[in-house]
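Some notes on the structure that comes next.
The values are calculated or read from the model by the stated rules, or taken from the named source; none is laboratory data. Note that the structure is predicted; figures quoted are calculated from it, not measured. A quick note on method: Cβ atoms are made from the backbone with ideal geometry, for glycine too, and the neighbour counts reach across all protein chains shown. Ligands, DNA and RNA are excluded from the accessible area calculation, which covers all protein heavy atoms including side chains. Shrake-Rupley method; radii C 1.70, N 1.55, O 1.52, S 1.80 Å.
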Amino acid sequence: MRMQNLIWTAIFTLSLGFFTYAQDDNADECTRYKAIAGYAYKAKEYEKVTRSYIRALKECDGLEMVFFDPFIYSVGQSMRNATDEAIKSAYLDTLIYVYEVGQKQHGIQDRWQVQLGYSYLTQGKPGNMKKADEAFNKGVHFEKEKVNKGYLQLYYQNLFNLWVQEQDAKVKADYKARLIADFFILSDYGNKGNMGADLNDFLAAYLDKAVTDCASILPDINNFMKNLPADKEAKKATVKNFMSLLEDKKCTDSKEYVMLVDTIIAIDPSVDAVIAKGKMLASQKKMSDAVATFRKALGMAENAEQKSDIEYEIAKAYYNAGSYRSAHDAGIAVTGKNSAKGYEISARSVNALMNECGVSTFERKANNYYAVELAEKSGNGSLISSLKAQCPSSNDIFNEDKSVGDQVTLSCWGKSYTIVKY
């Protein structure tokens, strides 16, 4: 009540010098002030509208919902037109008061929430960060891709600041869970609303401060899993998002990642789920199981792009396990969009095996002629340069009693090359 009186005092201070009206009975005064506000609104006399609706609120003991939109708009316009900071502040207090009174009378209005959240942050009073978060959380997820980009960013930034400041462990964990979940949701809003790539960079910068490594995320996974959405598709999307986050933080060898993979397969044993299991097994150095799982996924592939991704994963699994000959063969077998990456794995595999192929230094280094050929198909310039530097030197060629232009056969690969000096 004290706050209400302060607001009325501030507004009436602004109205000194304007016409005032004598008191009749409450019903007449209620009707009169609503009428005055209506005429003033048509004339765009927003300060007068504000004063009149403030009086109408008192005389009518509330207002019908239809009056709140012009009321809110007029307070906002009056605040923008004010040149004195104290007056602006008084109008801001009034604006928040009107939002709160309107919702107390008519229930939560989702379409007001982002503006209310912004108003709370602008007002900057103790406790307003939490009030702003509550309002933004409703409003941003109500407007989705139609939300103003600046409000979306303010919401996430304020949520991060609440997480930083929170001392209660349970509440802090809840804030972190929201930071993670909302990162993916807000990114989706941004993509659908064409808000630009810099929005994802903005969101990622804050998420990376909250989730820095495996230790900062793994303890929370069990809590996340207890609160999965009931809807199947929403549940799949949430689990996949958590998996993506753990993959990004190099946590795929954890028991938590295994749990996520098992969950996604239980929800829907799709090709994506099988691929995820293959990646998990590969990260655990279970190469045979990983490759077998990827080959199962290959049989389930729905299009050429998916097939290319799986073929690349097979080549990577072999290479990371040190099975370089298999990695070489699998790399060459990669088709489509990842074929260049497949050739890169093949080139690196030939290079990794060079010391096992040949008796002399020359013969071993000559394997890099083949590695260079493969690297050139990958288009990786730095790899090509590195492999050329590892081909036989002038001394190596001389010591082998060979000359530039002679032929050399690579015993391990069954290929012949003309000797060159890079």
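Observations on the structure shown:
- The range 297-309: number of residues that are touching a Gly at 6+ places or on another chain (Cβ under 8 Å) and under 16 Å from L281 (Cβ atoms): 1
- Residues that are at pLDDT 60 or above and open to solvent by 50 Å² or more (accessible area, probe 1.4 Å) number at least 1 in the following helices (runs of 4 or more DSSP H) confined to the range 1-73: 26-42, 46-60.
- Taken over the range 105-149, residues that are open to solvent by 30 Å² or more (accessible area, probe 1.4 Å) and part of a helix (DSSP H, G or I) amount to 22.
- Qualifying position, being under 20 Å from I384 (Cβ atoms), of a type outside the set (A, V, I, L, M, F, W, C) and in contact with a helix residue (DSSP H, G or I) (Cβ under 8 Å, 6 or more places away or on another chain), among E344, E305: E344
- Residue satisfying condition, being more than 26 Å from K235 (Cα to Cα) and modelled with pLDDT under 90, within set G196, G150: G196
- Against the numbered list (1) closer than 30 Å to K226 by Cα; (2) buried (at least 20 other Cβ atoms within 10 Å of the Cβ); (3) among the hydrophobic types (A, V, I, L, M, F, W, C), L162 comes up short only at (2).
- For A330, the conditions (1) over 28 Å from the mean Cα position of the chain (by Cα); (2) surrounded by fewer than 23 Cβ atoms within 10 Å (Cβ to Cβ); (3) of a type in the set (A, V, I, L, M) are fulfilled apart from (2).
- Residue pairs meeting the criteria (Cβ under 7 Å; at least 6 apart or on separate chains; first charged (D, E, K, R), in the range 154-170; second in a helix (DSSP H, G or I)): E166/K172; E166/Y175
- Check on L218, out of contact with any Gly (no Cβ under 6 Å at 6 or more places or on another chain) and modelled with pLDDT of 90 or more: no
- The listed residue being open to solvent by 30 Å² or more (accessible area, probe 1.4 Å), more than 30 Å from A301 (Cα to Cα) and of a type in the set (A, V, I, L, M, F, W, C), out of C391, C412: C412
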